[in-house]
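The next block holds one structure in the form of C-alpha cells; read it before the comments.
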Amino acid sequence: MLSLVKLTFGDPDAALSLAEKAVALDPRNSGYHYQLAITCGRKAEKASLFTKGHWAKRFKEEAETAASMVPEIWKRDSVYSNIICKLHA
C-alpha cells in the first residue's frame, strides 16, 4: 500500500490522505483500517499537545474497527493482537 511507503519515508500527511482514500473505496477492508490506524498513531506521536488527543482518538477508532473485522483466530496470531493489547493496556 502506497500509504505505508509514504509513512515510512516521513510523509505522514500524504500517507493519511492515501489511507483515508483506501478506506473510503473499500470500508470493509480491515487492512485499510489498520493502515489508517497506524498513520493516525504516527501523527499522534508527532502532534502538538493540542492535537495529540484528536489523533489518539482516531487511532483507537480505526484500530478497533480493523480488529472487529478480523476473525478471532487471526486476532491471536497477527499484528492485530498488538493493537488490541495496546488499546486495553
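Taken together, the values in this text are just the output of simple stated rules run on the coordinates, not laboratory data. A quick note: this is a predicted structure, and the numbers were derived from the prediction, not measured. Neighbour counts run over all protein chains shown; Cβ positions are idealised from the backbone, glycine included.
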Note down all Cβ pairs under 8 Å where the first residue falls in the range 5-18 and is within 16 Å of GLU45 (Cα to Cα), the second is of a type in the set (Ser, Thr, Tyr) and crowded, with 19+ Cβ neighbours inside 10 Å, and they're at least six residues apart or on different chains. LEU7/THR39; PRO12/THR39; ALA15/SER3; ALA15/THR39; LEU16/SER3; LEU16/THR39
Assess whether ALA44 counts as being over 17 Å from LEU2 (Cβ atoms) and either in contact with a helix residue (DSSP H, G or I) (Cβ under 9 Å, 6 or more places away or on another chain) or assigned to a loop (DSSP other than H, G, I, E, B) (or both). yes
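Residues checked against (1) in contact with a strand residue (DSSP E or B) (Cβ under 6 Å, 6 or more places away or on another chain); (2) under 16 Å from ALA67 (Cα atoms); (3) buried (at least 20 other Cβ atoms within 10 Å of the Cβ):
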residue: LEU2; (1), (2), (3): no, no, no
residue: THR8; (1), (2), (3): no, no, no
residue: ALA15; (1), (2), (3): no, no, yes
residue: GLU20; (1), (2), (3): no, no, no
residue: TYR32; (1), (2), (3): no, yes, yes
residue: ALA47; (1), (2), (3): no, no, no
residue: LYS52; (1), (2), (3): no, no, no
